[in-house]
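What follows is a short report on a single structure.
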């Protein structure tokens, strides 16, 4: 394995985030702060508790998941799309770097940036709400899994996209709505039928509840099911990327 090559890709992608600090870090933090102000203060004043947890603390995992999904996807998709757009992808393909090293470099960097951002979001949340993490080690592991899963998804999106608008259309029309409808700001026990059943068909719902269990010890579904959904998604994305590198789809076009 060419670890030096993987590290070179990783370092370049991480440094790109620090060259665009406002868009990569400050903007998501400001957006999350607005969510805390609007939902935590305005709506939280009308909802005392959900499942024995204050409303402000209840929405922390959901807002963190919203940031993780969007940032992991956008970082990874943009990271692999730009070499394709500029033609530098051919230098990468001709270099002595394999499938595994490329994933470690691009996906690892996107996941690392998301983890840095998640840490900043959690620190920012302490300014608005009083929350605790019931299972800190599980929370760390689960956040890393989600960041890796959607960095892989973003990598696939960056290979599939043939224009900048396609890099935005999937997160805008799919991920963000599914996250909002996945119990970010509410428990599905608050929904009437048939909307409760519809919510159970949303895959993001299981991810949000898995992270909520790590924070509060309570969720609408078991942590085992949430973990299985996350690991299954990682396996599917990895298989798709392996197929792409084996066939050269979109990479050599």
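None of the figures in this text is laboratory data; all of them are computed from the coordinates on show. If you're wondering where the values come from, they're calculated on a predicted model, not measured in any experiment. With ideal geometry, Cβ positions are generated from the backbone for all residues, glycine too; neighbour counts draw on all protein chains shown.
Put in order of Cβ neighbour count within 10 Å, fewest first, the listed residues 220, 189 become 189, 220. Packing-based ranking of 59-68, 173-182, 91-100, 113-122 yields 59-68, 113-122, 173-182, 91-100, ordered from highest to lowest mean Cβ neighbour count within 10 Å. The ranking of 85, 39 from fewest to most other beta carbons within 10 Å of each one's beta carbon is 85, 39.
Relative contact order, whole percent, for the chain stands at 27, derived from Cα pairs under 8 Å and 6 or more residues apart. In the chain, helices alone account for a calculated mean residue ellipticity at 222 nm of -22500 deg cm²/dmol, with every DSSP H run of four or more residues adding -39,500 (n - 2.57). If you build a Gaussian network model of the chain, linking Cα atoms that sit under 10 Å apart, which residue out of 29, 236, 208 swings the most? Of 29, 236, 208, the most mobile in the Gaussian network model is 236. Per-residue Cβ neighbour counts within 10 Å put 213, 249 in the sequence 249, 213, beginning with the fewest. Taking only the alpha carbons of the range 3-247, we obtain Rg and Dmax values of 18.3, 60 Å in that order.
When the chain is treated as a GNM, springs tying every alpha-carbon pair under 10 Å, which of 167, 34, 211 comes out with the largest mean-square fluctuation? Ranking 167, 34, 211 by mean-square fluctuation puts 34 first.
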